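Have a look at the structure below before the remarks.
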């Protein structure tokens, strides 16, 4: 169950809060993509076309080379 809450903050904190939210959201999305790639299963919230596009990218020689290099590092 999702509980909706209204939040407010001072206008001078808007930029810092937005940057923090975007940073955390980007990190979480990255983790979700990595989890999906590891188990090789499309998340139920993702469109088929997006999943196919990601699979193409993840299976490309350039991406595979970067993964191998990252593992060595």
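Computed from the coordinates by the stated procedures, all read-outs in this text should not be read as laboratory data. Keep in mind that this is a model prediction, so the values were computed, not measured. In this analysis, Cβ positions are derived from the backbone assuming ideal geometry, glycine residues included, and neighbour counts consider all displayed protein chains.
Considering region 32-56 alone, what residues qualify as being surrounded by 11 or more Cβ atoms within 10 Å (Cβ to Cβ) and in contact with a helix residue (DSSP H, G or I) (Cβ under 9 Å, 6 or more places away or on another chain)?
Across region 32-56, the qualifying residues are 33, 36, 37, 42, 43, 46, 51, 54, 55.
Cβ-Cβ below 8 Å, separation at least six or inter-chain, first residue in region 20-33 and without any contact (Cβ under 8 Å) to a residue 12 or more places away in the chain, second surrounded by 10 or more Cβ atoms within 10 Å (Cβ to Cβ) and not in a helix (DSSP H, G or I): which pairs?
Here the result reads 32/43, each pair linking region 20-33 to a residue that is surrounded by 10 or more Cβ atoms within 10 Å (Cβ to Cβ) and not in a helix (DSSP H, G or I).
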